[in-house]
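Please treat every number below as a calculation from the coordinates, not as lab data. Nothing here was measured: the structure is a model prediction, and the numbers come from that model. Backbone-built Cβ (ideal geometry, glycine too); neighbour counts: all protein chains shown.
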Amino acid sequence: MTAHLTELRKEIMRRAQGALSLDIAFIGIANGLFAALNDEGPASVERLAASTGMDSAYVRRWCDAAYAFELIDETAPDEFQLSPLGRAFLADEPGTLMPFAVQTVLSAHMADRAAELMPGGERPGERVLGERPTILPWFGPMLEHQFGPLLDKEILDKVPAFETVNKHGGLAVDLGCGNGWYLRALARRCPQIHGIGLDDFDENIQQATRLAAQEGLEKRLHFAVGDIHHFHIEEPADLIAMNRSLHHVWNEKENVFRVLQEHLAPGGVAVIWEPNWPASRSELRNPALRGMAFQNLSEHVQGNHFLRPEEVAEQFQNVGLEPAIYLIAEGRDAVITGTKAA
Ligand SMILES: C[S@@+](CC[C@H](N)C(=O)[O-])C[C@H]1O[C@@H](n2cnc3c(N)ncnc32)[C@H](O)[C@@H]1O
């Protein structure tokens, strides 16, 4: 083997081990093993299996693997506690590494589906995401932890529309709201706003309703199953948000932008947040953008593709809404607003 090939092999093995450690972390997250070790402190395999309702033979094998990858440490023979690395995957901790584990297992699923579907070109749509019942409940929390801090730290300050709506106690509508994290964050930051979240996936609405109630926001936020293409709300909206949902309905963009225009109150704003698909392919080599390139393949399986902010701005213009583009997350994402004349 040439020296170059030996180096490449080492590098690929390092990456493969990284993926394995995230696979093992995912099992710990999905089956509550990390959470149980955190709640109970050091536990034997039997106790961990009993407290999580898992099969003890499986838990033993998982403990071996999690121990090998330093996600848990052994405190006594056959007794384990969370390591600092394992603790970093606890789903509720600020800055949790949980999204990386969920994304890795989801990516493996989507890669397999892309490989299978590529010969025939079939694009089965969003149901592919729902094919893994272990991943599905983690989709909302993954997005919330990945993007919630960006909303709080960057977008709410950069985009003036939120404060304007807050001032007169306006209505914010979130189309394709997922688990409702965006409206919850908005309600925390803007105490005058009330909100309606719509999503066509019932499990999302149930999660969103439960989480809003947990935060005592049930009087201000209402979530319902609804379709972006035709929904009815009693009052005109002061703000309509679409976070990572526009690319899901881009095939019917003329209708979507008409719907946005019609549901906005005079002076109201549509706020669209999407990945910022780069203008030139060479930008995809940027390590910060590589993930987006993979995700766009996975979007293709779902019948979607990522957008350039200018394309979104053009659609706003077509329906008479005044567009503005804000680049965020060092240009990885874009928020495009469209304002209706007062
Ligand atoms: C990538 S997720 C984003 C979820 C959420 N906005 C967030 O930021 O976490 C896209 C969401 O759009 C929803 N969606 C897609 N097409 C829809 C439609 N026609 N009507 C309502 N919701 C839709 C999906 O169910 C999914 O929850």
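Helix 309-318 sits at what angle to the longest principal axis of the chain, using alpha carbons and giving 0 to 90 degrees rounded to 10?
30
Enumerate the calculated ³J(HN,Hα) couplings along the stretch 264-279 in order (Karplus 6.51 cos²θ - 1.76 cosθ + 1.60, θ = phi - 60°), each rounded to whole Hz, writing x wherever the residue is Gly or Pro.
7, 6, x, x, x, 10, 9, 10, 10, 10, 9, x, 9, 5, x, 5
What whole-number distance in Å separates the alpha-carbon centres of the stretch 28-107 and the stretch 141-205?
32
Which lysines, if any, have their Cα less than 18 Å from the Cα of LYS158, not counting same-chain residues under 8 positions apart?
Those lysines meeting the cut-off are LYS167.
Quick one: Kirkwood hydrodynamic radius for the stretch 3-90, alpha-carbon pairs, angstrom, one decimal?
Value: 13.5 Å, from the Cα pair sum.
Let me check I've understood the local charge: for LEU85, count other residues with C-beta under 13 angstrom from its C-beta, Lys and Arg +1, Asp and Glu -1. What total comes out?
-2
Please list 227-236, 266-275, 319-328, 213-222 highest first by mean number of surrounding beta-carbon atoms within 10 Å per residue.
266-275, 319-328, 213-222, 227-236
List every residue whose amide H lies under 5 Å from the amide H of ASP174, counting only residues 5 or more places away in sequence or on a different chain, with H placed 1.01 Å from N in the peptide plane.
For ASP174, whose amide H was placed from the backbone, the distant partners under 5 Å are ILE196, GLY197, LEU198, ALA241.
Tell me, MET110, MET118 in order of fewest to most beta-carbon neighbours within 10 Å?
Least crowded to most crowded, the residues run MET118, MET110.
For the residue pair ASN318 and GLU11, what label-to-label distance in nm results when each label sits 7 Å from Cα along the Cα-to-beta-carbon direction?
That separation, rounded to one decimal, is 4.3 nm.
Excluding same-chain residues fewer than 8 positions from LYS253, which lysines have a Cα within less than 25 Å of its Cα?
By straight Cα distance, LYS253 reaches LYS340.
Across the chain, how large is the tail of the calculated P(r) beyond 39 Å, expressed as a percent of all Cα pairs?
The share of Cα pairs beyond 39 Å in the chain comes to 21 percent.
DSSP beta bridges in the stretch 222-342, what fraction antiparallel, as a percent rounded to 5?
Around 70 percent antiparallel, to the nearest 5.
Sum -39500 (n - 2.57) across every DSSP H segment of at least 4 residues in the chain, then divide by the residue count to get the 222 nm mean residue ellipticity, nearest 500.
The per-residue figure over the chain is -14500 deg cm²/dmol.
For helix 253-263, what angle does its Cα long axis make with the longest principal axis of the chain, in degrees from 0 to 90 and rounded to 10?
60
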